[in-house]
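The values are calculated or read from the model by the stated rules, or taken from the named source; none is laboratory data. Remember, predicted model here, so these are calculated numbers, not experimental data. Cβ placement follows ideal geometry from the backbone for every residue including glycine, while neighbour counts extend to all protein chains displayed. Calculation scope for accessible area: heavy atoms of the full protein, side chains included, ligands and nucleic acids excluded. Shrake-Rupley method; radii C 1.70, N 1.55, O 1.52, S 1.80 Å.
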Amino acid sequence: MLTTSLAAPPSPPSARRRWTVLAVCALSMFLVGVDTTIVNVGLPEIGHGLDVGTRDLEWVVNAYTVVLAGLLIVSGALADRFGRRRVFRCGLIVFGLASLACALAPSLGALVAARAVQGVGASMLSPVALAIVVNAMPDPRERARAIGVWASVFGLSMAAGPVTGGALIAAFGWRSVFWINAPVVVTALVLVAVFVPESRAERVRRVDLPGQVLLTVVLGLFVGVLIEGPGIGWLSPAALTGYALIAAATAGFVLVELRRDDPLMDLGLFRRPAFATAVLGAVAVFVALNTSLLLNTLYLQHARGWTPLASGAATLPMALGAALCAPWSGALVGRLGPRRPLILAGAFTAAGGLCLVHLGQDTSVPLILLAHLLIGVGFGFANAPLTNTAVSGLPRSRSGVAGAITSTARQVGAAVGIAVAGGLVAGVGPTGLAAASRPGWLLVAACGLFLLVVARAARRTAVETA
């Protein structure tokens with residue numbers, strides 16, 4: 001007689017365990033988000049310490065964001081293949097060691113190189129953290145709430161970076177913004193080892209090395225031209241060469257991706273309106289946020305003579321708005337879909353930018369704080385609907401890649417925002433900073449208005465089950 005022994009399927013993790021996993025991943029994402037913006041408030045002090053100007057200082061921020069953006073997708077794919085917890089831990093170690101190198105950097109070149117290595121480590125954290133969270137939450141509505149919390153923490157970290165940086169610089173100098181990462185990384189490594197389960201994608205994807213190289217080249221050239229364009233001239237031979245190289249690398253990337261069975265970036269996804277608008281919206285949100293943060297730092301410290309601590313504290317309303325509204329946004333997405341949170345995000349962001357389009361030397365502090373609050377509220381409402389739309393559009397087995405594409409869009413937006421803001425004020429004296437920054441605030445308002453277009457295009461859809 002034949003008998004069949006059926007092993008009981010593994011029971012799903014308890015609710016406490018699932019939310020503990022979210023907390024651990026959120027801690028690591030807080031580290032990545034803070035490091036994206038914490039350096040902004042310290043740029044003037046770094047410039048004084050290393051004797052460099054504004055345009056060169058942009059590379060301190062964008063070396064990190066460009067490398068992070070260029071490697072996010074392949075890191076998500078590697079995590080799906082080799083294990084998300086394994087790649088996550090490797091990312092923490094690389095990030096921690098690079099942070100120590102930043103703190104010890106003797107020159108601008110060494111600091112920029114160490115920031116690039118930081119970007120390598122961070123690329124292993126951002127998409128993988130989201131994939132771990134998505135896979136730990138099988139219920140769609142619980143997953144939507146978890147994404148709202150994740151977006152809240154990430155948004156808070158981005159907005160809290162200048163506040164944290166200002167306090168550290170006032171107490172210990174600019175190198176402390178990198179030293180502070182060490183204890184956080186050690187704590188995160190212990191918590192990941194104890195609480196985070198290993199997971200992989202059901203289907204293994206091959207690494208697309210040609211696509212990865214071409215994507216990195218496109219992003220690096222694009223941001224490089226934005227940063228150096230004001231100095232070399234937008235129609236100079238060097239700039240024209242850069243445009244040609246960007247076009248050639250972009251065309252090569254598209255051709256390679258269309259011909260591969262397992263492309264780095266499935267370009268067919270962009271035919272889906274929900275996915276395409278989520279990616280474009282993520283770019284717009286982070287252009288607005290990073291333009292605001294850099295212009296705030298340079299204006300308050302150079303034109304108004306504020307200390308790093310005071311200029312960082314001026315962003316507290318932004319951090320508060322992001323922290324309070326992101327969980328609310330996640331709940332709205334779970335109940336009503338992405339359209340309404342995106343309308344709120346666009347309206348508040350546009351209003352914040354419009355508050356400062358007539359910025360002057362003596363603009364009232366309450367108006368500046370109000371603008372930061374409105375932008376923070378817009379940022380808080382934006383992340384959950386954009387993230388949930390992108391992730392829900394793909395199977396959970398591809399959640400690493402889904403998160404990576406959206407995170408890449410965010411970092412591209414961050415790099416563009418820094419480059420544009422820096423280009424507007426590079427070489428401008430303290431008395432001219434307010435007037436020079438006005439186009440940047442118009443750009444922030446335009447990004448908000450674009451989110452209204454994204455909201456109009458987005459259809460109200462039920463949260464998908466995996």
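Things to note:
- Debye intensity ratio I(q)/I(0), log10, the range 71-119, q values 0.18, 0.20, 0.22, 0.29 Å⁻¹ (C-alpha model): -0.59, -0.67, -0.74, -0.96
- Linear extension gain, L336 paired with D266, 0.36 nm per residue minus alpha-carbon span: 22.4 nm
- Ordered from largest to smallest accessible area (heavy atoms of protein chains, 1.4 Å probe), the residues W174, W328, W179 come out as W328, W179, W174.
- Across the range 110-121, coupling constants 3J(HN,Hα) worked out from phi with the 6.51/-1.76/1.60 Karplus curve, θ = phi - 60°, read 5, 5, 4, 4, 5, 5, 5, 5, 4, x, 4, x Hz, and Gly and Pro carry x.
- Rounded if a/c under 1.5, otherwise prolate or oblate - the range 198-326, Cα gyration tensor axes: oblate
- With all protein chains in place and ligands, DNA and RNA left out, the 1.4 Å accessible area ranks I132, I343 as I343, I132, largest first.
- Each 5 Å bin from zero holds the following percent of Cα-Cα pairs in the range 253-309: 4, 15, 14, 12, 13, 9, 9, 7, 8, 7, 3, 0.
- Average silhouette area of the range 302-394, convex hull of alpha-carbon atoms, in square nanometres: 6.7 nm²
- GluC sites (Glu not before Pro) lying in DSSP loop within the range 195-269, provided at most 15 other Cβ fall within 10 Å: E198, E202
- For the residues S107, S28, a 1.4 Å probe over the protein chains yields an accessible-area ranking, largest first, of S107, S28.
- Share of carbon and sulfur in the accessible heavy-atom surface of the chain [1.4 Å probe, %]: 68 percent
- Alpha carbon convex hull of the range 87-176, volume per residue in cubic angstrom: 94 Å³
- Distance in nm between pseudo-label sites at T307 and R17 (7 Å out along the Cβ direction from Cα): 4.9 nm
- Remark: the range 379-384, residue by residue, has Karplus-estimated 3J(HN,Hα) of 4, x, 6, 7, 5, 4 Hz, where x stands for each Gly or Pro and the curve is 6.51 cos²θ - 1.76 cosθ + 1.60 at θ = phi - 60°.
- Area accessible to solvent at Y243, 1.4 Å probe radius, in Å²: 80 Å²
- Angle in degrees between helix 316-336 and the longest Cα principal axis of the chain, rounded to the nearest 10: 30 degrees
- The share of C-alpha pairs in the chain whose separation exceeds 41 Å stands at 12 percent.
- For the chain, the solvent-accessible area of protein heavy atoms averages 39 Å² per residue (probe radius 1.4 Å; ligands and nucleic acids excluded).
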